[in-house]
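So the structure is just underneath, and the comments pick up after that.
The values are calculated or read from the model by the stated rules, or taken from the named source; none is laboratory data. Bear in mind that the values here come from a model prediction, so they are computed numbers and not experimental data. With ideal geometry, Cβ positions are generated from the backbone for all residues, glycine too; neighbour counts draw on all protein chains shown. Just so you know, the surface numbers come from the protein's heavy atoms only, side chains and all, with ligands and any DNA or RNA stripped out. Shrake-Rupley method; radii C 1.70, N 1.55, O 1.52, S 1.80 Å.
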Amino acid sequence: MTAVALGLPTPRTSTATASHPTPTSGPLRDTFGRVARDLRVSVTDRCNLRCTYCMPADGLDWMPGDKLLSTEEMIRVLTVAVRDLGVERIRFTGGEPLLRRDLEDIISAIAALENRPEIAMTTNGLGLTRRARGLADAGLDRVNVSLDTVDATRFAQVTRRDRLDDVIAGLAAAADAGLGPIKVNAVLPERADLARLPDLLSFCLAHGYELRIIEQMPLDADHAWARNQMVTADEIMATLHDHFDLRPDPTPRGSAPAATWLVDGHTHAGRPTRLGVIASVTRPFCGDCDRTRLTADGALRNCLFAATETDLRGALRGRRSTEAGPAAVDAEIARLWRANAWAKAAGHTVNSDDFEQPARPMSAIGG
Ligand code: SAM
Ligand code: SF4
């Protein structure tokens, strides 16, 4: 058995005192001095794959359609985020975001805002062959496509669907549509997957995609995650160092979750090819986190692992919203969001004995 280092989030000192109440203006600050500029938006909890580390084989009870934010509600909330709360980057995710037919409409509305944010999407790639060009035309800047292995048999085991060729075609369509730099997100559900990792990196290098390997987190709907079974960043790097010449990327990491390396001897579009490892469990980066999250049913979350949420849908649809008028509703959304951000904890507690997995699985939060 491999020992797992217990990474603890970098501690920060809270400034919360009676003289520092929740801010009533400005960006999304928390009491530890962090400012959330990066918004993850889950547009649906549905998915057409059933990755073992995310969804049960039979899927989940999907949220009823009337509980999801409509196109107009989504655009309205995202407008408040950009216009009033200083959000600079928006990433659409899910569930599978391409299952939402109005994604192009939402993206083109956000792309038309003053202070246009950077707009990205994380997708399993199914359907990109049809939609990549239209999404790029709407204003999508770049994509991350999830692909855990290029071994067709293993892909079908992990995703419980035989769709590897469609994902590979989706990646090519994204590249053709100019949605780069394209990143490939990979999770290694089992230690045996380490042996397949060099082939996945070789595939990415051959196509100019940047591989991002993510440590598996306890966010699966089956609650099957086990600390002693998860593949660690150290094991991932040891495997890659055995097969490739890697050197640490000198670019400052900032608030990026991935620690990055340059793959010597490989360039793409004149730039050195990067590889990233996201060690959310063994080396948490909570101290530099600049994320806030919105779920498809209109709940705000200040952390993937947050135990509490803030409902925005009530503010959008409640009786008071029709009486109060649009400006007052926007102000209420901003107020609720600032309070949600202010309450953000110093870091996640995955490595504590008293950790409890959030009630929402990854597919309903948005990764
Ligand atoms: N369906 C899209 C996809 O798979 O890219 C978007 C949603 S998915 C929840 C977003 C990302 O979360 C994917 O890259 C996926 O691999 C990752 N993910 C899902 N479950 C995870 C887990 N338990 N631990 C770590 N990453 C996970
Ligand atoms: Fe679907 Fe993405 Fe979860 Fe896989 S990781 S089941 S593609 S939401």
Filter region 36-66 down to the residues that are open to solvent by less than 40 Å² (accessible area, probe 1.4 Å) and not in a loop (DSSP other than H, G, I, E, B) and list them by number. ALA36, ASP38, LEU39, ARG40, VAL41, SER42
How many of the residues making up region 110-135 are hydrophobic (A, V, I, L, M, F, W, C) and open to solvent by 30 Å² or more (accessible area, probe 1.4 Å)? 2
Could you look through region 232-265, keep only residues that are under 14 Å from ARG283 (Cα atoms) and β-branched (Val, Ile, Thr), and pick out the one that is nearest to the chain's Cα centre (by Cα)? THR260
Do the conditions hold for THR239, that is, is it touching a residue at least 24 places away in the same chain (Cβ under 8 Å) and either part of a loop (DSSP other than H, G, I, E, B) or hydroxyl-bearing (Ser, Thr, Tyr) (or both)? yes
Going through region 250-267 one residue at a time, which ones are part of a strand (DSSP E or B), touching a helix residue (DSSP H, G or I) at 6+ places or on another chain (Cβ under 9 Å) and open to solvent by less than 50 Å² (accessible area, probe 1.4 Å)? ALA259, TRP261, VAL263
Can you pull out the residues in region 144-200 that are within 20 Å of the chain's Cα centre (by Cα) and of a type in the set (Val, Ile, Thr)? VAL145, THR149, VAL158, THR159, VAL167, ILE182, VAL184, VAL187
Scope region 305-347; condition open to solvent by less than 40 Å² (accessible area, probe 1.4 Å) and at pLDDT below 85; matching residues: GLY318, SER321, GLY325, ALA346, GLY347
Using beta carbons and a limit of 6 Å, which pairs, at least six apart or on different chains, have the first residue in region 309-333 and among the acidic types (Asp, Glu) and the second one modelled with pLDDT of 95 or more and not in a helix (DSSP H, G or I)? GLU309/ALA299; GLU309/ARG301; ASP311/ALA299
Would you list the helices (runs of 4 or more DSSP H) that sit entirely within region 268-367 and hold 2 or more residues that are more than 16 Å from ligand 1 (Cβ to nearest atom) and over 17 Å from the mean Cα position of the chain (by Cα)? 313-317, 319-324, 326-342
